[in-house]
Amino acid sequence: MNAFTRLSQTQRHHYAMRDGFRKDSKKDDAPLPEHFVGVSGDDRKALREGFGKLVRDLFARDELFPEHVLERDDVHGERDKLRALIFSNL
């Protein structure tokens, strides 16, 4: 989880939460898209597989969205819209 919060706003918006970096790069040593340049090797490993089926559960947990991150990314309303969309499809 910490690796995800260390991504920049642009990186978080482009990160494939369910499939992780393996969606963007099939081989472990293959380059990732340019907007992920600068992500540390440890964070790349942590984010390789994504969050899988847990994505839905993660969005329901407030610790994924601490207030300072929400304020920085200006996504207060976006979080609630995403939650509503996810739960309406259950």
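Evaluated against (1) within 12 Å of the chain's Cα centre (by Cα); (2) surrounded by 15 or more Cβ atoms within 10 Å (Cβ to Cβ); (3) at pLDDT 90 or above, Gly50 falls short on exactly one condition, (3). Quick one: in segment 31-47, of everything that is surrounded by 15 or more Cβ atoms within 10 Å (Cβ to Cβ) and among the hydrophobic types (A, V, I, L, M, F, W, C), which residue is modelled with the lowest pLDDT? Only one residue fits best here, namely Leu32.
Looking across segment 31-45, the residues that are in a helix (DSSP H, G or I) and either farther than 16 Å from Ser8 by Cβ or over 14 Å from the mean Cα position of the chain (by Cα) (or both) come down to Glu34, Gly41, Asp42, Lys45.
For first residues located in segment 1-18 and small (Gly, Ala, Ser), partners that are assigned to a helix (DSSP H, G or I) and lie 6+ apart or on another chain with Cβ distances below 6 Å form the pairs Ala3/Asp43; Ala3/Ala46; Ala3/Leu47; Ala16/Lys23.
The values are calculated or read from the model by the stated rules, or taken from the named source; none is laboratory data. On a predicted model such as this, the values are computed, not experimentally measured, just so you know. With ideal geometry, Cβ positions are generated from the backbone for all residues, glycine too; neighbour counts draw on all protein chains shown.
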